[in-house]
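Data block below; observations after.
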Amino acid sequence: MTPLQKLRIVEAYRESGAFVAVTGDGVNDAPALRSANIGVAMGSGTDVAKDTASLIVTDDDFASIVAGIEEGRYAYDNVRKVVYLLITTGFAEVLLFMLALIMGLPLPLLAVQLLWLNLVTNGIQDVALAFERGEPGVMNRPPRRPEEGFFNRLMIEETLLAGTIIALVTVGTWYWLLSNGWDEFAARNLIVLLMVLFENFHVFNCRSEYRSAFRVPISSNYLLIAGVIAAQGIHILALYIPILRDVLQLQPVSPVEWLALLVLASSVVVVMEIFKAVRRHRPPGHQIGYGVGRASPR
């Protein structure tokens, strides 16, 4: 087969809508390697092939390509999980402020408290979440469509739903506290703790976009458990350390108040579990998102 024939085959596949990977090791493979979406050169191949390709298999073992794809999917999933966590909490905070303003309520959080939530308590958890092990069955998913954006329909749905629940419960609690005679300082202190607890709970939703949070083994990421404990522990310390308490405008809470907020914060897990269960029972044609549907015959 001539280099031109190889090139025409690749171009024909691409024109038909296929996403093409080409392996090769010789000079005559260079045009096809360059034209393909992904050119894969063998480590023992010519310098021309390796310079042209986007990926080099140093051990000449095709199984290494499969292993690389698997690790790539793990990494992509973990990036999505971290982004999902961060965007959800950010969206919830924006919506919380908008609802408070619409309802004519005082701002539920101070600027320094927002920084505390985003940089300290949530910052610890998102780093730990990045070390999540790969989910089983990741290689049974069909490839993502090349035109599919990072924020596909599944992530948008889950982000909007989780963020809305967090915001609604929080603004409802803020309204109830103020309506029942709580002063802004005391009420805002509980709202900050409620947001921390929401972050502690929601990080477990983010461990999988598809599976129930209760079906993801704790043993797959002990670092995350430590991160959640650390995030909650740091906030509890801030309630009692004078300098942090004064800067963040916090005060200690009673066990009863902490337990009540814990129950409220668990609502985000309940809602997302219902969403995932409904989604799993949709007919195959109605499933949306990465990893669903049938693979291309090619």
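The values are calculated or read from the model by the stated rules, or taken from the named source; none is laboratory data. The structure presented is a predicted model; accordingly, all values stated were derived computationally and were not measured. So basically every Cβ, Gly included, is an ideal-geometry build from the backbone, and we count neighbours across all protein chains shown.
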Has segment 126-134 got at least one residue that is within 30 Å of VAL20 (Cβ to Cβ) and modelled with pLDDT under 90? yes
Given the criterion surrounded by 15 or more Cβ atoms within 10 Å (Cβ to Cβ) and free of Cβ contacts under 8 Å to residues at least 60 places away in the same chain, identify the matching residue among PHE97, PHE62, PHE91. PHE97
Taking only pairs six or more apart or across chains, which ones have beta-carbon atoms under 8 Å, a first residue in segment 218-229 that is assigned to a helix (DSSP H, G or I), and a second residue that is surrounded by 14 or more Cβ atoms within 10 Å (Cβ to Cβ) and small (Gly, Ala, Ser)? LEU223/ALA128; LEU224/ALA128; ALA226/ALA128; GLY227/ALA128; VAL228/ALA128
Total residues in segment 27-59, condition of a type outside the set (A, V, I, L, M, F, W, C), surrounded by 14 or more Cβ atoms within 10 Å (Cβ to Cβ) and without any contact (Cβ under 8 Å) to a residue 24 or more places away in the chain: 6
Filter result for ILE69 (within 33 Å of the chain's Cα centre (by Cα) and assigned to a strand (DSSP E or B)): no
Suppose we filter segment 131-156 for residues that are exposed (fewer than 15 other Cβ atoms within 10 Å of the Cβ) and under 13 Å from the mean Cα position of the chain (by Cα); how many remain? 4
Can you tell me which residues in segment 1-26 are in contact (Cβ under 8 Å) with a residue 12 or more places away in the chain, aliphatic (A, V, I, L, M) and not in a helix (DSSP H, G or I)? ALA18, VAL20, ALA21, VAL22
For LEU161, all conditions in the list (1) surrounded by 20 or more Cβ atoms within 10 Å (Cβ to Cβ); (2) over 30 Å from ASN37 (Cα atoms); (3) modelled with pLDDT of 90 or more hold save one; what is the number of the exception? (1)
